[in-house]
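Read the structure below first, then the notes.
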């Protein structure tokens, strides 16, 4: 029963991911297709708090810890709250797949000049330099990634598409203390 429910959930996520990729409507300057977003004035720190609340049960279910490192400073951006939460939860799912048992995942925000940042850290093996660009390609699986490791190779491609639709970027870096950091950078909204 439990295995059936988990497999059904996985197939549901895969279907949703495929629909997201198939229904991309806008095209960026580089020719990369992007998801459709409804941009409004929002606060990226509020997005992080909502994502942390939603990620809690998902992380707890697999026996990992969840930490928050949300900046006190407000981070106003032009963004789509639902799409950004989708992005962060996708990064959390990716972190879960690469986290050792008993470790923690951290969701945080920061400010770097005129750019708001939201990131997800794990305590896994990290991403080799040679794969840091390729992991964002649809269906790409890193070296040594078996099918049993979960995922269809779409989550990070969708995350990149959502970041691009926000005039932002996504990158794989090394987390403080090791592991991987998936960081999204979005320009701050002009203040009136």
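The values are calculated or read from the model by the stated rules, or taken from the named source; none is laboratory data. All of these numbers come straight from a predicted model, not from anything done at the bench. Please note: Cβ atoms are built from the backbone with ideal geometry, for glycine as well, and neighbour counts cover all protein chains shown.
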For this session: Exactly one condition in (1) more than 22 Å from residue 185 (Cβ to Cβ); (2) out of contact with any helix residue (DSSP H, G or I) (no Cβ under 7 Å at 6 or more places or on another chain); (3) assigned to a strand (DSSP E or B) is not met by residue 66; state its number.
Result: (2)
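For segment 61-75, name all the residues that are surrounded by fewer than 16 Cβ atoms within 10 Å (Cβ to Cβ) and either out of contact with any strand residue (DSSP E or B) (no Cβ under 7 Å at 6 or more places or on another chain) or closer than 15 Å to residue 109 by Cα (or both).
Initial filter on segment 61-75 (surrounded by fewer than 16 Cβ atoms within 10 Å (Cβ to Cβ)): 61-63, 65, 67-69, 72-74.
Result: 61, 62, 63, 67, 68, 69, 72, 73, 74.
Among 28, 15, which is the only one that is modelled with pLDDT under 95, exposed (fewer than 13 other Cβ atoms within 10 Å of the Cβ) and touching a strand residue (DSSP E or B) at 6+ places or on another chain (Cβ under 8 Å)? Step through it out loud before you land on a result.
Values: 15 fails: touching a strand residue (DSSP E or B) at 6+ places or on another chain (Cβ under 8 Å).
Just one listed residue meets the conditions, 28.
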Seminar exercise, completed: Within segment 169-192, the count of residues that are free of Cβ contacts under 8 Å to residues at least 24 places away in the same chain and either in contact with a helix residue (DSSP H, G or I) (Cβ under 7 Å, 6 or more places away or on another chain) or buried (at least 19 other Cβ atoms within 10 Å of the Cβ) (or both) comes to 1
For this session: Could you tell me which residue of segment 44-60 is farthest from residue 123 (Cα to Cα), considering only residues that are in contact with a helix residue (DSSP H, G or I) (Cβ under 9 Å, 6 or more places away or on another chain) and surrounded by fewer than 19 Cβ atoms within 10 Å (Cβ to Cβ)?
Result: 46
